[in-house]
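J.: Got a structure here, written out as structure tokens. Questions coming.
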Amino acid sequence: QPQLVESGGGLVQPGGSLRLSCTASGFQLGDYIIGWFRQAPGKEREAVSCISNSDGTSYFADSVKGRFTFSRDSIKNTVYLQMNNLRPEDTAVYSCAADGAILAGPIQAMCQTGIWDYWGQGTQVTVSS
């Protein structure tokens, strides 16, 4: 069955970097809108970044702009979230999601309020000294 699996989380000091992976099985990520989300303890889920392969548009939350980047490896059917200059407030469970719908509006709206077809289980990122 279609599924997503995240990996790459862990403990990192402030200012450090991590790269999260999201690997799909049962479907091709290249045909889907892909998003990264995070949920910190006691907080609601937050959209971090989303990208549409069909039109090349992307969205990054203001809190991560200039620090996080998004990339794909079509052969491995995997997407990556490179996180640099990490801050304690980046601590959260990070999840990837995918949706096969055609993007009908701004990707920011889809990223923040859209209904996603598939979700990964999440990977913990802890930024602490």
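J.: Given +1 on the Cβ of Lys and Arg, -1 on the Cβ of Asp and Glu, and no further charges, what dipole in debye does the chain carry about its Cα centre, rounded to the nearest 20?
T.: On the way: 9 positive and 11 negative charges, 67 e Å.
That gives the chain a dipole magnitude of about 320 debye.
J.: Continuing with this model, one more query. Determine how many Å³ per residue the convex hull of the Cα atoms of the stretch 1-44 encloses.
T.: 121
J.: With point charges of +1 on the Cβ of Lys and Arg and -1 on the Cβ of Asp and Glu, referenced to the Cα centre of the chain, which listed residue (Cys50, Phe27, Ala104) lies farthest in the positive direction of the dipole?
T.: Checked the options; the winner is Cys50.
J.: Still on this structure, please answer the following. Suppose we flag trypsin sites (Lys or Arg not before Pro) only when DSSP calls them loop and at most 16 other Cβ atoms lie within 10 Å. Which is the longest uninterrupted stretch of the chain? Before the final figure, lay out each step's value.
T.: Values: sites that count: Lys43, Arg45, Lys65, Arg67, Lys76.
For trypsin sites (Lys or Arg not before Pro) (loop position, at most 16 other Cβ atoms within 10 Å), the longest site-free span of the chain is 77-129.
FYI, it's all coordinate maths here, none of it is from the lab. Values in this document were obtained by computation on a predicted structure and should not be read as measured data. A quick note on method: Cβ atoms are made from the backbone with ideal geometry, for glycine too, and the neighbour counts reach across all protein chains shown.
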